[in-house]
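Right, one structure below, let's go through it.
The values are calculated or read from the model by the stated rules, or taken from the named source; none is laboratory data. These numbers come from a predicted model, not from an experiment. Using ideal geometry, Cβ is built from the backbone for each residue, glycine included, and neighbour counts are taken over all protein chains shown. Just the protein is used for accessible areas: all its heavy atoms, side chains included, with ligands, DNA and RNA removed. Shrake-Rupley method; radii C 1.70, N 1.55, O 1.52, S 1.80 Å.
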Amino acid sequence: MIAREGVPFVIAPLMAGAALIWLGMGLAGGVCLVLSGAMAFFFRDPERHPPREAGVIVAPADGKVVKVERGADGTVVSIFLSLFDVHINRAPIAGVVTDVSYRPGRFMIATRDEASEANEQNRLTIEGEGVRVVCKQIAGVVARRIVCWKRAGDRVERGERIGLIRFGSRTELVLPAAVEIEISVGARVRGGETVIGRLK
């Protein structure tokens, strides 16, 4: 499957490549076809199977954990998505979206800690059974478009698709102190499937 936002990025170079090959410009056409394949790979949207266990929080995205920061008010878990990761974002818990807020900002490299606050981002607050989490979609140096498919008042299930970020980015969770974290910096996670925490 391909995310619907990626279809134009796949179709345009595919059609251009076919036209160029038909006109006898094989090399240029081949480059366009390779580009179309690369876009299909980037915008891939695989099915995921969230755990059924009660009280678990799953990763909101594929990627590498670059920060686990515990504080008095809870824990921040940051996941960096490279160009090779699936860029679909998923709900970490089942619940109701109580707030969605977009904030413009910079486009620093998403691995930098400063990107968490300085970069363009979209924040979703989800109220679940006994827990509230904040999921932040953060743009990176290449990513220039954050897509969110949910609005305040929407009901979401654990692992459900909530949006995507184009071309390299960062997804961050702000979790309450009542959540016991089960991953560490450097871990690779799969959105909608990898358990990153449990309610104590």
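Annotations
- Residue check for E47: in a strand (DSSP E or B) and either on the phi < 0 side of the Ramachandran plot or not polar (S, T, N, Q) (or both): no
- Residue list for the stretch 136-159, filter: at pLDDT below 95 and part of a strand (DSSP E or B): K136, Q137, I138, A139, I146, V147, C148
- Within the stretch 68-98, the set of residues being of a type in the set (A, V, I, L, M, F, W, C), in a strand (DSSP E or B) and surrounded by fewer than 20 Cβ atoms within 10 Å (Cβ to Cβ) comprises V68, V76, V96.
- The C-beta contact set for the stretch 29-51 (first residue of a type in the set (S, T, N, Q), second residue surrounded by 14 or more Cβ atoms within 10 Å (Cβ to Cβ) and in a helix (DSSP H, G or I), distance under 7 angstrom, 6+ apart or interchain) comprises S36/V10; S36/P13; S36/L14; S36/G17.
- For the stretch 53-61, the condition holds for no residue, the condition being that it is part of a loop (DSSP other than H, G, I, E, B), in contact (Cβ under 8 Å) with a residue 12 or more places away in the chain and in contact with a helix residue (DSSP H, G or I) (Cβ under 9 Å, 6 or more places away or on another chain).
- Within the stretch 54-67, considering residues that are closer than 13 Å to I196 by Cβ and more than 16 Å from the chain's Cα centre (by Cα), the one most open to solvent (accessible area, probe 1.4 Å): G55
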